[in-house]
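Visitor: Take a look at the following structure, please.
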Amino acid sequence: MILLSNVSKIYPNGSTALDDISFFIERGEFVFIVGPSGSGKSTLIKLLMHEEVATSGQVIINNDDVALLKRREIPYLRRSMGVVFQDFRLLPKKTVFENVAFAMDIIGASRKEIRKQVPNVLSLVGLSHKAKSYPDELSGGEQQRVALARALVNNPAFLIADEPTGNLNPKAAMEIMELLDDINKRGTTVIMATHAKEIVDRMKKRVIAIEDGKIARDETRGGYGNED
Ligand code: ADP
Ligand code: ADP
């Protein structure tokens, strides 16, 4: 679970990105974080990944206050989260298989585990037939599915997606959303920051709307709302 309690983030230049944010995300939820550009969505995601540290308040993930984690404990926190980004961030000189395998390599998985698990996740995202392709041979939707496979290969408790459909055509975007929904139904908590009004309105999931660094709405089966 994720608990934010009165969290504020003020960057060193004095700009307030988050202002007294509190929410609780239960294991297994699917949550959209919506809001106009500059409202604080990316900052929120960086706090969850411990790429940035809250100026005040508490960020609690799986019962641990992340501010109190020792340096050597941070890799374990990161391992519990898979992340996908708008721009895919695949390694261009590695094949699809190698891109996914790399995430397992980093955590010291054995060759045997890699040979077993990579085909499993590639099949989950429908890309078994592209294992030997390179990223520039794939469509945008396919590249994002590789990124999803890589994010999921180590079985994270959370999947964090920052504008994952931002570079995709509507059809590829809906395919990614169906995959995220499947992944969520298998038990992974999904947290997705987005601007995509049609997607948010169609999915009918929990919506946390941020405006000017504050929570404007938190609705169980919400829509995007009227902002931006
Ligand atoms: P969003 O993801 O919703 O566009 P951000 O979290 O990127 O919002 O930004 C929220 C606010 O914090 C904005 O005013 C932005 O200019 C500011 N901000 C973001 N990152 C930094 C940074 N590294 N240093 C200073 N200000 C930042
Ligand atoms: P989309 O409809 O998502 O835009 P594309 O038209 O880009 O898809 O790609 C359609 C198919 O062609 C995909 O299966 C993709 O893997 C393949 N493809 C696209 N570009 C290349 C390329 N440069 N080399 C080999 N295969 C490609």
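Visitor: Suppose we keep only residues that are over 23 Å from ASP181 (Cβ atoms), among the acidic types (Asp, Glu) and not in a strand (DSSP E or B) within the stretch 19-68. Which one would you say is modelled with the highest pLDDT?
Guide: Per the criteria, the residue is GLU52.
Visitor: Does PHE24 qualify as being in contact with an Asp or Glu (Cβ under 9 Å, 6 or more places away or on another chain) and away from ligand 1 (no atom under 16 Å from the Cβ)?
Guide: Against the criterion (in contact with an Asp or Glu (Cβ under 9 Å, 6 or more places away or on another chain) and away from ligand 1 (no atom under 16 Å from the Cβ)), PHE24 does not qualify.
Visitor: Restricting to the stretch 197-228, name every residue that is assigned to a loop (DSSP other than H, G, I, E, B), buried (at least 17 other Cβ atoms within 10 Å of the Cβ) and either free of Cβ contacts under 8 Å to residues at least 40 places away in the same chain or not aromatic (Phe, Trp, Tyr) (or both).
Guide: LYS205, GLY213, GLY222, GLY223, GLY225 - these are the residues of the stretch 197-228 that are assigned to a loop (DSSP other than H, G, I, E, B), buried (at least 17 other Cβ atoms within 10 Å of the Cβ) and either free of Cβ contacts under 8 Å to residues at least 40 places away in the same chain or not aromatic (Phe, Trp, Tyr) (or both).
Visitor: Taking the criterion of being in a strand (DSSP E or B) and in contact with a Ser or Thr (Cβ under 6 Å, 6 or more places away or on another chain), would at least one residue in the stretch 180-196 satisfy it?
Guide: No, every residue in the stretch 180-196 fails to be in a strand (DSSP E or B) and in contact with a Ser or Thr (Cβ under 6 Å, 6 or more places away or on another chain).
Visitor: Separate question: Being in contact (Cβ under 8 Å) with a residue 12 or more places away in the chain, surrounded by 16 or more Cβ atoms within 10 Å (Cβ to Cβ) and either in contact with a helix residue (DSSP H, G or I) (Cβ under 6 Å, 6 or more places away or on another chain) or more than 30 Å from LEU3 (Cβ to Cβ) (or both) is the requirement here; does PRO135 meet it?
Guide: yes
Visitor: Only one residue in GLY141, GLY126, GLY108 is out of contact with any Ser or Thr (no Cβ under 7 Å at 6 or more places or on another chain), touching a residue at least 12 places away in the same chain (Cβ under 8 Å) and assigned to a loop (DSSP other than H, G, I, E, B). Which one?
Guide: Only one candidate passes the filter, namely GLY126.
Visitor: Given the criteria of a type outside the set (Lys, Arg), outside any loop (DSSP other than H, G, I, E, B) and more than 16 Å from ligand 1 (Cβ to nearest atom), does ALA147 qualify?
Guide: Taking the combined requirement at face value, the residue satisfies it.
The values are calculated or read from the model by the stated rules, or taken from the named source; none is laboratory data. Every value quoted in this text rests on a predicted model; they were computed, and no experiment measured them. Cβ: placed from backbone, ideal geometry, glycine included. Neighbour counts: every protein chain shown.
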